[in-house]
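Visitor: So that we are looking at the same thing, I have put the structure below in structure tokens.
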Amino acid sequence: MGNQMEKLTHLSYREVPTADPLGMDPDDGPRIGVSYIFSADDDELEEPGVVVGGVQQPRGPGSPAEDQHELLDELECSVFYREECIYQKGGAMDTYAPESLLSRCKPGDLLEFLCPDQYPHWAVYVGDFQVVHLHRQEVKSSFVTEASRGRRGRVVNEHYRFRALSPTTVVRAALAQVGAKEQELCWRNSECFAAWCRYGRREFKIGGELRIGKQPYRLRLQLSDKKSHTLEFQSLEDLIMERRRNDQIGRAAVLQELAGHLQPEEGPRGGHNSH
């Protein structure tokens, strides 16, 4: 956590020297700035499950609460560093039961497990049916079926547009952190940990970027074919916190929030300069 950060004066995101030096290789329209300097995102504030006789039970794949159509009703969004797109998530994406997901992943892949009303849970697949993931303030090694806790999942290697490290490096980085907990942790949530393992970029770590008043990151929420709304952030870490909150509360709730408090931007769908 004591990394030194160079001043961000580069015109292209690819020019920014943000590879973690410790153990890893190398506008128009109204916007709202958001900061999460003191907040924390706990993936497991509530375990996914159903209550039976006052006791919460794990959900199994295919249960009514995990209907695939509900899981795929996600808000399309893009992330930009200045004018460069560094993350993009489309609308409908297939998800799979944990057993089916195993046949679709290979060591070094990023997996995302989804459940309505829960934060998405990310993990690094390391082979032999196992993942390494940040769970309840501890980095753990678990079987895929255990880490999923009945949630459907998918491979999300393509969400971030950074250059990935080699699969061997990704797996080694993840396994090296197993057992780290609480004050030893450098990540606020499972997504930041998993992404750091795959890309080795310090932006995913707590305090990895200096907050100097500028807001170079933009989160564009695609509300419809002709409407979008943009939020600005000082750091990628802050932006991820807000995007994950949106994923947790769901598309309908986000649209309701914006309808009640904000005036969506008008513009055609497609290029990131149209808001």
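The values are calculated or read from the model by the stated rules, or taken from the named source; none is laboratory data. Quick caveat: nothing in here was measured; it's all calculated off a predicted structure. Reconstructed Cβ throughout: ideal geometry from the backbone, glycine too, with neighbour counts over all protein chains shown. Note: accessible area is taken over every heavy atom of the protein model, side chains too, but ligands, DNA and RNA are not part of it. Shrake-Rupley method; radii C 1.70, N 1.55, O 1.52, S 1.80 Å.
Visitor: Mind checking which pairs have a first residue in the stretch 243-265 that is under 16 Å from THR230 (Cα atoms) and open to solvent by less than 60 Å² (accessible area, probe 1.4 Å) and a second that is among the small types (Gly, Ala, Ser) and at pLDDT below 90, Cβ under 7 Å, 6 or more apart or different chains?
Guide: Matching pairs, first to second residue: GLU265/GLY29.
Visitor: Let me ask you something else. Would you be able to tell me the number of residues in the stretch 170-203 that are open to solvent by 40 Å² or more (accessible area, probe 1.4 Å) and assigned to a helix (DSSP H, G or I)?
Guide: 6
Visitor: If you don't mind, there's one more thing I want to ask. State which residue pairs qualify: first residue modelled with pLDDT of 95 or more and inside the stretch 159-186, second residue part of a helix (DSSP H, G or I) and aliphatic (A, V, I, L, M) in any location, beta carbons under 9 Å apart, and separation of 6 or more residues or different chains.
Guide: HIS159/ALA195; TYR160/ALA195; PHE162/ALA195; ALA164/VAL170; LEU165/ALA173; ALA174/ALA194
Visitor: Cβ-Cβ below 7 Å, separation at least six or inter-chain, first residue in the stretch 125-141 and at pLDDT 95 or above, second hydroxyl-bearing (Ser, Thr, Tyr) and part of a strand (DSSP E or B): which pairs?
Guide: Short answer, once both residue conditions are applied: GLN130/SER141; GLN130/SER142; VAL131/TYR125; VAL131/SER142; VAL132/SER141; HIS133/SER142.
Yes/no per residue for (1) out of contact with any Cys (no Cβ under 9 Å at 6 or more places or on another chain); (2) part of a loop (DSSP other than H, G, I, E, B):
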{"residue": "VAL124", "(1), (2)": "no, no"}
{"residue": "VAL132", "(1), (2)": "no, no"}
{"residue": "ARG136", "(1), (2)": "yes, yes"}
{"residue": "SER141", "(1), (2)": "yes, no"}
{"residue": "GLY150", "(1), (2)": "no, yes"}
{"residue": "ARG154", "(1), (2)": "yes, no"}
{"residue": "ALA164", "(1), (2)": "yes, yes"}
{"residue": "THR168", "(1), (2)": "yes, no"}
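Visitor: Let me ask you something else. Would you say PHE233 is among the aromatic types (Phe, Trp, Tyr) and open to solvent by 10 Å² or more (accessible area, probe 1.4 Å)?
Guide: Numbers: among the aromatic types (Phe, Trp, Tyr): yes; open to solvent by 10 Å² or more (accessible area, probe 1.4 Å): no.
Taking the combined requirement at face value, the residue does not satisfy it.
Visitor: What number of residues within the stretch 204-230 satisfy the criterion of being in a loop (DSSP other than H, G, I, E, B), open to solvent by 20 Å² or more (accessible area, probe 1.4 Å) and not aliphatic (A, V, I, L, M)?
Guide: Number satisfying all stated conditions: 9.
Visitor: Checking LEU110 against (1) aliphatic (A, V, I, L, M); (2) farther than 20 Å from CYS192 by Cα; (3) touching a strand residue (DSSP E or B) at 6+ places or on another chain (Cβ under 8 Å); (4) at pLDDT 95 or above, only one condition comes out false. Which one?
Guide: Here LEU110 meets the rest and fails (2).
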